[in-house]
1. I'd like the full set of residues that are open to solvent by less than 50 Å² (accessible area, probe 1.4 Å), part of a strand (DSSP E or B) and closer than 19 Å to A:Thr43 by Cβ, limited to the stretch A:109-125.
2. Here's a check for you: in the stretch B:69-83, which residue that is within 16 Å of the chain's Cα centre (by Cα) and more than 14 Å from chain A (Cβ to nearest Cβ) is farthest from A:Ser72 (Cα to Cα)?
3. Kindly indicate which of B:Leu128, B:Leu159 is buried (at least 20 other Cβ atoms within 10 Å of the Cβ) and outside any strand (DSSP E or B).
4. Is it the case that some residue within the stretch A:105-114 is closer than 22 Å to B:Tyr73 by Cα, among the β-branched types (Val, Ile, Thr), within 14 Å of chain B (Cβ to nearest Cβ) and touching a residue at least 12 places away in the same chain (Cβ under 8 Å)?
5. How do the pairs read when you match residues in the stretch B:54-67 that are closer than 18 Å to B:Val99 by Cβ and without any contact (Cβ under 8 Å) to a residue 60 or more places away in the chain with residues anywhere that are open to solvent by 50 Å² or more (accessible area, probe 1.4 Å) and not in a loop (DSSP other than H, G, I, E, B), using Cβ under 7 Å and keeping only pairs 6 or more apart or on different chains?
6. I'd like the full set of residues that are out of contact with any helix residue (DSSP H, G or I) (no Cβ under 6 Å at 6 or more places or on another chain) and more than 9 Å from chain B (Cβ to nearest Cβ), limited to the stretch A:119-131.
7. Applying the selection to the stretch B:90-108, what residues are surrounded by fewer than 20 Cβ atoms within 10 Å (Cβ to Cβ) and either in contact with a strand residue (DSSP E or B) (Cβ under 7 Å, 6 or more places away or on another chain) or hydroxyl-bearing (Ser, Thr, Tyr) (or both)?
8. Are there any pairs, at least 6 apart or on different chains, whose C-beta atoms fall under 7 Å, with the first in the stretch A:142-161 and over 15 Å from A:Glu31 (Cβ atoms) and the second assigned to a helix (DSSP H, G or I), and if so, which?
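The values are calculated or read from the model by the stated rules, or taken from the named source; none is laboratory data. What you see is a predicted model, and the numbers here were worked out from it, not measured in a lab. Note that we place each Cβ from the backbone using ideal geometry, even for glycine, and neighbour counts take in every protein chain shown. Areas reflect the complete protein model, heavy atoms only, side chains present, ligands, DNA and RNA absent. Shrake-Rupley method; radii C 1.70, N 1.55, O 1.52, S 1.80 Å.
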There are 2 protein chains.
Amino acid sequence: MNPQIVKEQETMNATTINAPAGTPFVEVTREFDATPAQLFRITTDPDLIAQWLGPRGIDMTVEKYDVRSGGSYRYLHHDENGEYAFRGVFHTVEQDKYVVQTFEWEGAPGEVCLEKATYEPTETGVRLHQRSVFQSVESRDAFVESGMETGINDSMDRLAELIAKEG
Amino acid sequence: MNPQIVKEQETMNATTINAPAGTPFVEVTREFDATPAQLFRITTDPDLIAQWLGPRGIDMTVEKYDVRSGGSYRYLHHDENGEYAFRGVFHTVEQDKYVVQTFEWEGAPGEVCLEKATYEPTETGVRLHQRSVFQSVESRDAFVESGMETGINDSMDRLAELIAKEG
């Protein structure tokens, strides 16, 4: 067996998603072969976001992605069924360390979630830890049932691919 | 007994605070003798906020209070022990209906909560409903133990007084 392929497969499957029943939380963890500074740069670059954020095979239009404390963002996903708009504001952007932002799918206006992404250095790279909290257990459950798992897994895998390409 | 005083006392005690154990939520409800439009105007006016937001006897400096979707705010409370700074961003401001915003005490950076304030018309006035969700049960508990109850009750009572004065 080719050790390179084994390593790739392990990396491709290393996203963990944790959404404990009866809570409004979703936690996503993934390790990458990059420094916190590299991962931060790639995940906050408006010109790169369409290459990794969202499920594979979706087209993305980034209308605004102003990553700074007090900045805001809006983007659209397009597929054969139509258009999905998402928007939010950045509460804190602490370079190479963490980002706190809001997130809303405009199809369910007023159902907002708060996300904190932390860039933790590890012995071999960086651990991205995203913690989302919804305004109710019901809206968290609706998000989980919407098929978020594919979107999250694809995003994390695409991000790993982009890091390998962009460095 | 003077019926006017009884009515005032009832109004003064009508704030309910609900923080269920083991959850990251805090819910505050209060009815006011005002229309949703009046209450919205008073609660979003940067020139009035120092007159009602926070515990009685505290001095407040409003550095920024830009109430619009994508706007941000920062204010400071001063008492004999020092200065406390708070800041956040407005995710959605839907006039006379609801406001979704973030909230952080700068003394605990990175511990952010998401608040939704809804202005619901009732038969006799307006019900203000504020739902806050913290990033963890632990940070919600720390907020509850910080003595938030006095601050919330005082704020709601001061708001009722300001409505009676400003109309």
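1. Within the stretch A:109-125, the subset open to solvent by less than 50 Å² (accessible area, probe 1.4 Å) is A:110, A:112-119, A:122, A:125.
Subset that is part of a strand (DSSP E or B): A:112-119.
Of everything in the stretch A:109-125, those that are open to solvent by less than 50 Å² (accessible area, probe 1.4 Å), part of a strand (DSSP E or B) and closer than 19 Å to A:Thr43 by Cβ turn out to be A:Cys113, A:Leu114, A:Glu115, A:Lys116, A:Ala117, A:Thr118, A:Tyr119.
2. Checked the stretch B:69-83; the qualifying residue farthest from A:Ser72 (Cα to Cα) is B:His77.
3. On the way: B:Leu128 fails: outside any strand (DSSP E or B).
The conditions single out B:Leu159.
4. Step one: list which residues in the stretch A:105-114 are closer than 22 Å to B:Tyr73 by Cα, which gives A:110-114.
Filter once more, so that each one left must be among the β-branched types (Val, Ile, Thr): A:112.
Restricting the remaining residues to those that are within 14 Å of chain B (Cβ to nearest Cβ) gives A:112.
Checking which are touching a residue at least 12 places away in the same chain (Cβ under 8 Å) leaves us with A:112.
Among the residues of the stretch A:105-114, at least one is closer than 22 Å to B:Tyr73 by Cα, among the β-branched types (Val, Ile, Thr), within 14 Å of chain B (Cβ to nearest Cβ) and touching a residue at least 12 places away in the same chain (Cβ under 8 Å), which makes the answer yes.
5. That search, which allows pairs on different chains as well, returns B:Lys64/B:Arg74.
6. So in the stretch A:119-131, the residues out of contact with any helix residue (DSSP H, G or I) (no Cβ under 6 Å at 6 or more places or on another chain) come out as A:120, A:122-125, A:127-131.
Hits for the stretch A:119-131 are A:Glu120, A:Thr122, A:Glu123, A:Thr124, A:Gly125, A:Arg127, A:Leu128, A:His129, A:Gln130.
7. Let us first name the residues in the stretch B:90-108 that are surrounded by fewer than 20 Cβ atoms within 10 Å (Cβ to Cβ), namely B:93-98, B:103, B:105-108.
Across the stretch B:90-108, the qualifying residues are B:Val93, B:Asp96, B:Lys97, B:Tyr98, B:Phe103, B:Trp105, B:Glu106, B:Gly107.
8. A:Arg158/A:Gln51
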